[in-house]
Each structure stands twice: as structure tokens, then as C-alpha cells.
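Quick notes on the structure that follows.
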């Protein structure tokens with residue numbers, strides 16, 4: 001064999017041996033390395049946090065919320081003022097001890113006397129009566145303000161809780177998209193390695209994967225921010241970790257017509273405005289009572305006991321006495337007419353505010369009703385859109401695996417699916433907000449939380 005021929009054969013043999021030895025060594029698959037580098041999601045084996053249900057969130061908020069605690073204090077102050085107003089109907093009594101004498105004494109001894117007296121205001125132009133009725137009304141107003149604070153807190157907790165659920169659902173949708181993008185990147189890498197794909201497709205798949213990973217991290221930040229906000233609302237440690245439900249339930253058929261008819265009787269804002277008007281009526285009656293006479297009676301007992309005095313006689317007469325005082329107002333420098341005019345203006349303002357509260361509640365109810373009904377129709381539409389987008393994405397994935405579609409077509413199907421899921425999540429959250437608003441306006445929301453209903457109707461004096 002010629003030398004040149006032997007050299008060629010030897011070179012080919014060495015090259016084949018090198019290739020065989022390299023192929024015999026274990027090589028880590030490119031897809032596994034790609035997954036380790038680009039998957040930003042937590043490991044599948046990580047444990048979930050403790051589940052916080054909506055009922056638990058409401059219970060914690062009712063126990064810990066700062067604004068609600070301040071509203072309870074105001075209710076207690078109003079009840080205390082009412083009890084103080086009842087004391088005006090009771091007589092007053094006092095005991096006294098006096099020691100009197102001339103200055104200088106000039107040898108005379110001071111006189112020590114003891115006594116007791118009781119006085120009772122029999123009639124004061126019904127001012128005490130109207131004042132007590134006004135204080136009773138103020139207590140009911142404080143109770144209604146507590147109810148308003150409870151309803152506002154319940155609505156905020158429910159909306160915040162389901163906003164957190166919404167953020168969780170969006171994160172799950174992006175995670176699903178990220179899984180598909182990761183599979184696409186693996187497929188593009190495998191095609192490139194065997195020579196069936198292009199470098200451009202492989203780079204485009206990595207770019208889309210990085211974009212989805214960034215979207216996942218951004219959405220995860222929004223989720224964590226919503227958790228901190230809910231912890232603050234519940235007056236808990238902001239760093240406390242927890243999990244929430246996976247879905248946003250909706251009531252399909254609300255008795256909206258019945259709620260609208262009972263709006264004037266069940267709405268807390270209207271009830272508060274009505275009580276404010278009643279309070280102004282009593283205030284006007286109390287002010288007009290200044291023109292009426294007043295009758296005050298009293299009884300007393302006085303004594304100068306020998307035990308407390310050095311003299312033994314002629315110190316005065318011991319015994320009981322009485323007094324009756326009738327006072328008729330004649331002129332008080334225009335104080336009463338001025339007060340009556342101010343009371344009338346306050347009453348007129350409260351009547352206007354009552355009318356405004358009724359109109360505002362009716363407008364808010366109608367707006368929430370339309371948003372709720374529109375939301376239900378949008379949910380039905382977006383559910384159908386999601387089914388179509390999901391089928392389209394599945395078909396695009398199969399076509400892409402077979403090489404029958406371009407990466408751009410496959411990416412467009414992914415984006416359409418994510419957009420459809422996002423619109424459905426938004427529609428459900430919007431409909432839930434309208435549902436909760438309708439329940440609050442009609443007074444139903446507080447009845448669905450027994451602990452809140454008990455706090456909104458504390459026992460009080462009449």
C-alpha cells in the first residue's frame with residue numbers, strides 16, 4: 001500500500017476513534033441546562049403557605065382593624081352622653097357643714113351648722129325631654145356610623161381578598177404560558193442541534209422565554225404587594241405569608257328589584273341622614289323651650305347641734321324648709337330667637353342632606369346594578385373566547401412541533417390565550433366588586449357576616 005494511502009487510512013481511523021470516545025461520554029441534555037437557567041418559578045416541591053379563607057379574613061379584620069376600633073369608641077361615647085342626659089330628670093341632693101362667725105371674734109364663738117337639701121326641676125319647657133331624645137338619636141347615629149364603618153371594612157376586605165385571588169390567577173396564567181415557552185425553547189434548541197432548525201428561531205424562542213419570565217416576576221411582585229396590603233388591612237404583620245382561594249365565586253341571580261324597593265329602609269347612609277334630621281327636630285324643640293317658664297322645687301333641713309357649738313341656746317331654729325321657684329323668661333338679649341333661627345337652618349340642611357343621600361344611594365345602586373349585569377354578560381362572552389383561544393393555542397403548538405407553522409404564528413396564539421385569560425379574570429373581579437357594592441348599598445352585606453351584624457347592633461338604652 002502506498003505511504004500516502006496508509007496515512008489517509010490512519011487519519012480516518014484516529015478521527016473515528018476520537019468521535020466514538022466523545023460520543024461515549026455522558027453529555028447533559030441541552031434542554032435540561034436551558035430549564036435550569038431560565039425557569040424563574042419556585043420549585044414544584046416547595047410547600048404551600050397556610051390558606052387564609054375569606055371568612056377568616058373578615059373575622060381577623062373585625063377583631064383588629066384600627067378604624068373600626070375608633071368607631072366603637074365613638075359609639076361608647078354617645079351611649080355615655082345619653083346616660084348623662086337621663087340624669088337631668090332626677091332630683092339633686094347635697095349635704096353641707098358650715099362654720100360662721102364675725103371678724104374679729106371679740107370673744108364671740110363661731111356657729112357650726114349642718115344641713116341637707118334636695119332640689120327637683122319640675123318643668124323646664126320640655127327642654128330636658130327634647131335634649132334626652134336628641135341624645136338618644138345621637139346614639140343611634142353613632143351606631144349607624146359604626147355600621148357604615150363595618151360595611152366599608154367588609155367591602156374593602158372582600159374586594160382586597162378577591163383582588164389577591166385575581167393576582168394569583170394572573171400569575172398562574174403567566175406560569176402556564178412560561179411552561180409552553182420553555183417547551184418551545186427546548187424544541188428550538190433540539191432542532192438546531194440536529195440541523196432541522198435555524199439559529200434565528202432558536203434565538204427568538206429564547207427572547208420570548210425571557211419576556212415571559214420577566215412578566216412572571218413582575219406579576220409575582222404585584223401578588224406580594226397585594227398580600228402586604230391585605231395584611232395591613234387586617235392589622236397583621238406585613239411580612240406574614242399566606243395563600244388564598246383559587247376562584248372568584250359569583251351569585252348568578254340577585255334579587256335586585258327587591259333590594260331596590262327596600263333601599264330607603266335598609267341603606268345605612270339614608271338611615272343616618274334620617275336620624276340626623278330627627279336630631280335637628282329635637283334640637284329645634286329644645287331651643288324653643290327657652291321661651292316657656294320653668295318650675296323648680298326644693299326641700300331642706302338645717303340644724304345647729306349643741307354638740308358642735310360652745311353656746312347652748314339661741315343659736316337658731318332647727319327644722320325643715322321648702323322652696324318653690326317659678327321663673328318666666330321675659331327678655332334674654334335676643335339669644336333665644338337667634339338660637340331658634342340657627343336650629344331651623346340646621347334642620348333645613350339636614351332635610352336637604354336626607355334628600356341628597358336618597359338620590360345618591362339610588363344612583364349608586366343603579367350604577368352598580370348595570371355594572372353587575374354587564375359584567376355577567378362579559379363573563380359569558382370571555383368564557384367562550386377563552387375556549388376558542390385555548391383550542392387555537394393547542395392547535396398552534398401541534399403545528400409548530402410538526403414544523404407546519406412559523407414561530408410568529410405560534411407566539412401569536414400564545415399571546416391571544418394569555419389575553420383571553422386576563423380579560424376573563426378582569427371581568428370576574430369587576431362583577432364581584434359590583435356584587436359586593438350592591439350588597440352593601442342594600443344592607444345585605446353586613447347580614448352575611450354574623451359577627452359584624454352583632455357589632456352593628458349593640459345593646460343600648462332607650
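Summary of computed values
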| read-out | value |
| --- | --- |
| Packing-based order for 121-133, 196-208, using average beta carbon neighbours within 10 Å, highest first | 121-133, 196-208 |
| The chain: angle of helix 335-401 to the longest principal axis, Cα-based, in degrees nearest 10 | 10 |
| Cβ-based exposure ranking for 181, 152, 214, in which fewest neighbours within 10 Å come first | 214, 152, 181 |
| Cα-based Rg of the stretch 87-239 normalised by 2.2 N^0.38 Å, two decimals | 2.72 |
| Surface/4 estimate of mean projected area, convex hull on alpha-carbon atoms of the chain, nm² | 45.3 |
| Cα-Cα P(r), the stretch 197-238, percent of pairs per 5 Å interval | 6, 21, 13, 12, 11, 9, 9, 7, 5, 5, 2, 0 |
| The stretch 385-444 - convex hull of alpha carbons, volume per residue in Å³ | 58 |
| Ranked list, fewest to most other Cβ atoms within 10 Å of each Cβ, for 287, 218 | 218, 287 |
| The stretch 267-306 - Debye-derived log10 I(q)/I(0), Cα point model, q = 0.18, 0.26, 0.36 Å⁻¹ | -0.70, -0.88, -1.08 |
| Full-stretch length increase - residue 395, residue 258 - with 0.36 nm per residue and alpha-carbon distance subtracted | 44.5 nm |
| Rg(Cα) / (2.2 N^0.38 Å) computed for the stretch 149-267, rounded to two decimals | 1.66 |
| Structure-based [θ]222 nm, the chain - -39500 (n - 2.57) summed over DSSP H runs of at least 4, per residue, nearest 500 | -23500 deg cm²/dmol |
| Reciprocal of mean inverse Cα separation for the stretch 291-439 (Kirkwood radius, Å) | 24.7 |
| In degrees, nearest ten, helix 66-86 long axis to first principal axis of the chain (Cα) | 10 |
| Convex hull projection area averaged over all views, the stretch 57-121, Cα basis, nm² | 9.1 |
| Distance histogram for the stretch 74-169 (every C-alpha pair counted, 5 angstrom bins, percent rounded to whole numbers) | 3, 10, 10, 9, 8, 8, 8, 7, 7, 6, 6, 4, 3, 3, 2, 2, 1, 1, 1, 0 |
| Folded to 0 to 90 degrees: helix 268-288 orientation relative to the chain principal axis, Cα | 20 |
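Only the coordinates and a few stated rules stand behind these numbers; no lab work does. Just so we're clear, the structure is a prediction, and the values are computed from it rather than from any experiment. So basically every Cβ, Gly included, is an ideal-geometry build from the backbone, and we count neighbours across all protein chains shown.
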